[in-house]
Amino acid sequence: MKGAETAKIYLFSIDLEDVRLWMKGGEQYKERVPANTHAYMNWLNRHGFKCTFFTVGEVAEKYPSLIKEIISEGHEIACHTNKHITLDLQTPEEFRTDIEKSLEHFARAGAMEVKGFRAPVFSLTEKTSWAHQVLYDLGFTYSTSVLPAKNPLFGWESFGPEPKRTGSGILEIPMTVGKIGPLNIPYGGGTYFRLLPKLLIKRKLQRHLSTQTPLLGYFHPYDIDTEQERFMHPGINNSMLYNRLMYVNRSSVFNKLDMIIANGFSIHTYQNYIRNFLFL
Ligand SMILES: [Zn+2]
């Protein structure tokens with residue numbers, strides 16, 4: 001399958017993380033991860049789709065029965081590190097130890113065959129590309145950790161938009177980006193997806209159809225959570241503006257996702273996409 005048909009594959013995925021675990025005293029706030037995960041699974045069920053959950057190891061440790069439920073519904077569990085530390089803050093050895101720990105938590109929760117990886121905040125760049133070899137050595141087959149654009153945080157512009165096998169043997173499937181004004185942004189998920197008007201996303205989808213690549217999307221439990229308390233999210237440098245953006249338009253997400261499906265896109269797990277639709 002090539003061309004326009006491939007472009008209608010939507011690799012909608014969840015980065016399954018619990019931001020409370022990264023804050024001192026964070027567990028004083030309401031537990032929301034199971035309820036939000038169920039909301040995503042109900043939405044997927046309604047449309048008859050399976051997706052990949054890039055799971056933080058410490059979430060699998062805390063919610064093993066949730067992981068079992070995700071697996072029993074036919075979704076894929078992949079790895080989003082053990083403690084959600086960006087790659088630039090780790091040595092290859094520290095990274096390896098962290099991933100091994102996460103695999104222990106996954107196995108204990110019933111996820112024995114974890115093949116996929118996503119770096120926190122797309123922190124796999126040219127500088128941290130050693131991570132591909134570590135992942136390969138640990139038995140991973142693919143990664144979706146690169147933001148192929150200039151970005152104030154992390155980005156690897158020269159990687160390009162197409163999935164490709166890296167020197168280590170790992171297949172890297174870079175995040176979808178699109179031009180909005182002067183910026184090239186990952187509009188398919190997270191804060192950008194919440195911020196952008198539905199009509200603008202629809203226009204981006206139409207433009208996407210001229211590519212040879214699947215559409216990638218990444219969502220977090222909090223992206224749809226209208227019941228979460230207000231607190232300063234970790235990892236955003238105490239920025240009031242970013243924190244406001246963390247809460248913006250959460251109630252619009254399912255409506256926009258329905259629009260993508262109504263435009264003929266179908267959701268697959270990454271493993272299913274690689275097995276059945278990707279020819280390199
Ligand atoms: Zn994350």
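Worth pointing out:
- Residues that are within 16 Å of the ligand (Cβ to nearest atom) and not aromatic (Phe, Trp, Tyr), drawn from the stretch 38-57: Cys51, Thr52, Thr55, Val56, Gly57
- Residue within the stretch 169-178 that is away from the ligand (no atom under 16 Å from the Cβ) and at positive phi present: yes
- Residues of the stretch 193-227 satisfying the condition of being touching a residue at least 12 places away in the same chain (Cβ under 8 Å) and among the basic types (Lys, Arg): Arg194, Lys198, Lys202, Lys204, Arg207
- Residues (closer than 9 Å to Arg194 by Cβ, surrounded by fewer than 15 Cβ atoms within 10 Å (Cβ to Cβ) and among the small types (Gly, Ala, Ser)) located in the stretch 242-266: none
- Within the stretch 242-255, the set of residues being part of a loop (DSSP other than H, G, I, E, B) and not hydrophobic (A, V, I, L, M, F, W, C) comprises just one member, Asn249.
Coordinate-derived values only; no laboratory data. Please read all numbers here as calculations on a predicted model, not as lab measurements. Note that each Cβ is placed from the backbone with ideal geometry, even for glycine, and that neighbours are counted across all protein chains shown.
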